[in-house]
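Below is a structure I'd like to ask you about.
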Amino acid sequence: MSFDLTRGESCFITGTDTGVGKTHVSARLLRTWRKNGSDAVAMKPICCGGREDAEELHTACDGAVPVDDINPIWLRPPTAPYTASIIEERSIDLDRIHRDFARLRDEFPVVLVEGVGGWLVPIRRDYLVSDLAAEFGLPVLVVAANKLGMLNHTLLTVQSIRARGLTCAGVILNHPTAPVEGDPAVITNRSILEDTLDVPVLAEFGWEPAG
């Protein structure tokens, strides 16, 4: 059964890298799902640096849950979570993340969880984003920036998701920056992915200038 991008279901959003537009894609999906009648909300368990991602998700959820529930762990250094926790000399509270996730699952029919950075980013020395996703047990959507190099990053990410025994529900291509006109990689990436992956390319979101 294919993943429904119009009404949605609970899922874990990961990226092939940081800065590929996970939050933009997540917010766009949430707005669509809520418009179509689904009481969908989001969770971004960990933010590093600013908290703009959590605030964008809060807006996309129509304020259905407080920002602190969307984002229970906020680390100020703009680095990987494990690095930020070392800098701040604090341990990331995984129990709190799991409690907040369980509460949202109890209260809402659809919970979209956005990971931090890419699939194998360390949260603790011996605990990765992929470990958190495995414990949540949700189908995984992969956001990939449509640019040179994304084929390798996407194939590796999908392979790693499956190695954890999880379902990769599909890939969403995103254009986080304005594409260069005539770029052969950008033009062909989608068709090559569809040729080489046995999970669907669910959508391709075009570049949207700020404001």
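The values are calculated or read from the model by the stated rules, or taken from the named source; none is laboratory data. These figures come from a predicted structure and were not determined experimentally. Every residue, glycine as well, gets a Cβ built from its backbone with ideal geometry; the counts of neighbours run over all protein chains shown.
Do the conditions hold for Asn189, that is, is it of a type in the set (S, T, N, Q) and touching a residue at least 40 places away in the same chain (Cβ under 8 Å)? Outline the logic, then answer.
Working: of a type in the set (S, T, N, Q): yes; touching a residue at least 40 places away in the same chain (Cβ under 8 Å): yes.
Answer is yes for this residue.
Next question. Across the range 168-191, what is the total count of residues that are within 27 Å of Phe136 (Cβ to Cβ) and either surrounded by fewer than 18 Cβ atoms within 10 Å (Cβ to Cβ) or of a type outside the set (A, V, I, L, M, F, W, C) (or both)? If you could, list the steps in order and put the result at the bottom.
So in the range 168-191, the residues within 27 Å of Phe136 (Cβ to Cβ) come out as 168-174, 176.
Filter once more, keeping what is either surrounded by fewer than 18 Cβ atoms within 10 Å (Cβ to Cβ) or of a type outside the set (A, V, I, L, M, F, W, C) (or both): 170, 174, 176.
Qualifying residue count for the region: 3.
Each row is one residue, and each column tells you yes or no for (1) out of contact with any Asp or Glu (no Cβ under 6 Å at 6 or more places or on another chain); (2) surrounded by fewer than 20 Cβ atoms within 10 Å (Cβ to Cβ); (3) without any contact (Cβ under 8 Å) to a residue 24 or more places away in the chain.
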site: Thr18; (1), (2), (3): yes, yes, no
site: Lys35; (1), (2), (3): yes, yes, yes
site: Leu57; (1), (2), (3): yes, no, no
site: Arg76; (1), (2), (3): yes, yes, no
site: Ala80; (1), (2), (3): yes, no, no
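Select from the range 164-195 the residues that are farther than 21 Å from Leu120 by Cβ and among the polar types (S, T, N, Q) and write down the one among them that is modelled with the lowest pLDDT.
Taking the range 164-195 and keeping what is farther than 21 Å from Leu120 by Cβ, we get 175, 177-192, 194-195.
Narrowing the set further to residues that are among the polar types (S, T, N, Q) leaves 177, 188-189, 191.
Values: Thr177: 78, Thr188: 94, Asn189: 94, Ser191: 95.
Step by step, filter the range 164-195, then rank; the result is Thr177.
Looking at the structure I just gave you, is Thr59 among the hydroxyl-bearing types (Ser, Thr, Tyr), farther than 23 Å from Lys147 by Cβ and either modelled with pLDDT of 95 or more or within 15 Å of the chain's Cα centre (by Cα) (or both)? Please lay out each step first, then the result.
Values: among the hydroxyl-bearing types (Ser, Thr, Tyr): yes; farther than 23 Å from Lys147 by Cβ: yes; either modelled with pLDDT of 95 or more or within 15 Å of the chain's Cα centre (by Cα) (or both): yes.
Yes.
Residues of the range 154-187 being touching a Leu at 6+ places or on another chain (Cβ under 9 Å) and polar (S, T, N, Q), which ones?
Passing the criteria: Thr154, Thr157, Ser160, Thr167.
Can you name every residue in the range 133-167 that is among the hydrophobic types (A, V, I, L, M, F, W, C), over 21 Å from Gly8 (Cα atoms) and either touching a helix residue (DSSP H, G or I) at 6+ places or on another chain (Cβ under 8 Å) or crowded, with 18+ Cβ neighbours inside 10 Å (or both)? Working first, answer last.
Step one: filter the range 133-167 for residues among the hydrophobic types (A, V, I, L, M, F, W, C), giving 133-134, 136, 138, 140-145, 148, 150-151, 155-156, 158, 161, 163, 166.
Now restrict to residues that are over 21 Å from Gly8 (Cα atoms): 145, 148, 150-151, 155-156, 163.
The answer is Ala145, Leu148, Met150, Leu151, Leu155.
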